[in-house]
1. Given +1 on the Cβ of Lys and Arg, -1 on the Cβ of Asp and Glu, and no further charges, what dipole in debye does the range 18-82 carry about its Cα centre, rounded to the nearest 20?
2. Among 28-34, 63-69, 88-94, how do they line up from the highest to the lowest mean number of other beta-carbon atoms within 10 Å?
3. Can you bin the range 18-112 into rounded, prolate or oblate? Criterion: square roots of the alpha carbon gyration tensor eigenvalues sorted a ≥ b ≥ c, rounded for a/c under 1.5, prolate for a/b above b/c, oblate for the rest.
Amino acid sequence: MLEKLGFNQLKKPPKPKVVIRLKTTQWVDKRGNIHEKRSLLTLKRQSVGYNFLLDYFKDTGDTRLNNLGDCLDGIYEVRACNLSYDQETGLLDDWDFKLVPYVSTVETIATSYVTDNMGKNQET
């Protein structure tokens, strides 16, 4: 009955993945002051599942991105790091976020295809 409705019993929900574009803008105001702004734009089509980053920032107001200052403009995946577990219960207690350069699945497939077929003589 559930299969007719489109539910698969063995299919697990996808692991959430948040992909962002990091963009830096700089400008000078009327007084000659130089300003710099770093923007994190969520790429909804590349992201999968629940946007945990947006919810975390709204709830806590804390933007714990460890390597934000080291990253250049580009596309990144947000991942958890510095995981801390409670000693008594063993549950996840605290964490930080880091930006990891994002490689799409299309790029991964194309790269593996090229490397697999490199050096082979292709006869037509």
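No lab work stands behind these numbers, since they all come straight from the coordinates. Just so we're clear, the structure is a prediction, and the values are computed from it rather than from any experiment. Neighbour counts run over all protein chains shown; Cβ positions are idealised from the backbone, glycine included.
1. I would put it at about 240 debye.
2. Numbers: 28-34: 7.0, 63-69: 13.4, 88-94: 8.7.
Descending mean neighbour count gives 63-69, 88-94, 28-34.
3. On the way: a/c = 2.28, a/b = 1.25, b/c = 1.82.
Oblate, since a/c reaches 1.5 and b/c is not below a/b.
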